[in-house]
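Asks: Got a structure for you, written out below as structure tokens; questions coming shortly.
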Amino acid sequence: MSNVTKDISRRSFIRMSGAMAAALGLAACGPAQEGTTESTANSDAGEAQNTTAAASTEFGSEGKLRVGMEAAYAPYNWQETAENEFTIPIDNVEGAYADGYDVQVAKMIGKALGLTPVAVKLEWDGLIDALNGGQIDCIIAGMTATDERKESIDFTEPYYDGTYCLVVRKDGNYTNATSLADFNGAAVLGQKDTLLDEMIDEIPGVNHLTPVKTVPNQISQLAAGTCDAITFDSANVPGVIRANPDFVGIVFEEGKGFSESVPVNVGVAKGHDDVIAKMNKVLEAFTSEQREKLLNEVVDRQPV
């Protein structure tokens, strides 16, 4: 297979990388939106953290479904300044709204539960604590149900099965790579506390760099040439290439890439089995065709 370049279609890339499966969905991790800076992402998250010091409340309090997300990880979730038919309010950032694939899933779940979804903007590493502290009702933020996370919270069935790949510079040494083995000796950068970092150890002989806090920082490091490659969610690659035309997404030959697909699940605090059952009923009702259509629509309107 060949590299993913700027002019390859979104649909082709996602199919080539195997990012379509299960009912509804998206891939795992939760950084900030492509094209933003780390300082901007951290500033926005800090604003959200400062304004979300509300006391713990019961699930669905005041008829709201409070959905934790970063609102900074297109095409899964991102922040808008104006309301439209696709958005929901960000409850802890005045005058802000959230859009993205996760947001549309939140709308579907909210409708089934008889609740109005609102986003609560938080940093990735604060989502589980916020859930267990009662500040949010659920996490819909591209989070994978790992064994470690299952010790703290419960999860629905997957609403997406994605894949991961590597992104490199066009002028680098790895543009013709077709397997993980081709990255032997490469300096590869991931995102802290996510599978985007853990997966790097599958690369034989890799120079596993100290992970950074956000995806925008991954992108800036690659642009600056301080690493050879960054790990990336395959569904995000068309957007990052559109914003960074000097980048290339690597498509691995079958069986020569990362070992597993990456399911994405809704996180719910323990003790809400009835709620999870209702959420699963919603997620199981969507076909792969409906999921693909929704993803295509979201990618078409995501910010550059």
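What follows draws every value from the coordinates through simple rules; no lab data is involved. Here the structure is a predicted model, which means the values were calculated and not measured. Backbone-built Cβ (ideal geometry, glycine too); neighbour counts: all protein chains shown.
Asks: Using the Karplus curve 6.51 cos²θ - 1.76 cosθ + 1.60 with θ = phi - 60°, work out ³J(HN,Hα) for each residue of the stretch 155-160 in order, rounded to whole Hz, and write x for Gly and Pro.
Replies: Taking θ as phi minus 60°, the curve returns 9, 7, 5, x, 10, 6 Hz for the stretch 155-160.
Asks: With θ set to phi - 60°, apply the Karplus curve 6.51 cos²θ - 1.76 cosθ + 1.60 along the stretch 175-188 and write out the HN-Hα couplings as whole Hz, x wherever there is a Gly or Pro.
Replies: Values, residue by residue: 5, 9, 5, 10, 8, 4, 4, 5, 9, 4, x, 6, 8, 10 Hz.
Asks: Here's something else I'd like to know. What is the fewest-to-most order of Cys165, Cys138 by other Cβ atoms lying within 10 Å of their Cβ?
Replies: In increasing order of surrounding Cβ atoms, one gets Cys165, Cys138.
Asks: A further question follows. I'd like to know which of Gly126, Asn236, Thr194 lies farthest towards the positive end of the charge dipole of the stretch 122-246, counting +1 on Cβ of Lys and Arg and -1 on Cβ of Asp and Glu.
Replies: Going by the Cα projections, it comes out as Asn236.
Asks: Could you list which residues have their amide H under 5 Å from that of Thr116, counting only those 5 or more apart in sequence or on another chain, with H placed in the peptide plane?
Replies: Lys64, Leu65
Asks: Restrict the search to the stretch 186-276; then list the GluC sites (Glu not before Pro) that DSSP places in a loop and that have at most 16 other Cβ atoms within 10 Å of their Cβ.
Replies: Answer by residue number: Glu253, Glu254, Glu260.
Asks: Can you list the residues, at least 5 places off or on another chain, whose amide H is less than 5 Å from the amide H of Ala74, using H built in the peptide plane?
Replies: Under 5 Å from the amide H of Ala74: Gln33, Glu34.
Asks: Right, next: Taking the stretch 236-269, which chymotrypsin sites (Phe, Trp or Tyr not before Pro) meet the DSSP loop condition and have no more than 15 other C-beta atoms within 10 Å?
Replies: Nothing satisfies the criteria.
Asks: For Tyr164, what residues show an amide H to amide H distance below 5 Å, using hydrogens built from the backbone and excluding near sequence neighbours?
Replies: Those qualifying (amide H under 5 Å, at least 5 residues apart or on another chain) are Ser234.
Asks: Please turn the phi angles of the stretch 239-253 into ³J(HN,Hα) values with the Karplus equation 6.51 cos²θ - 1.76 cosθ + 1.60 (θ = phi - 60°), one per residue in order, whole Hz, x for glycine and proline.
Replies: After applying 6.51 cos²θ - 1.76 cosθ + 1.60, I find x, 6, 6, 4, 7, 9, x, 7, 9, 9, x, 7, 9, 7, 5 Hz.
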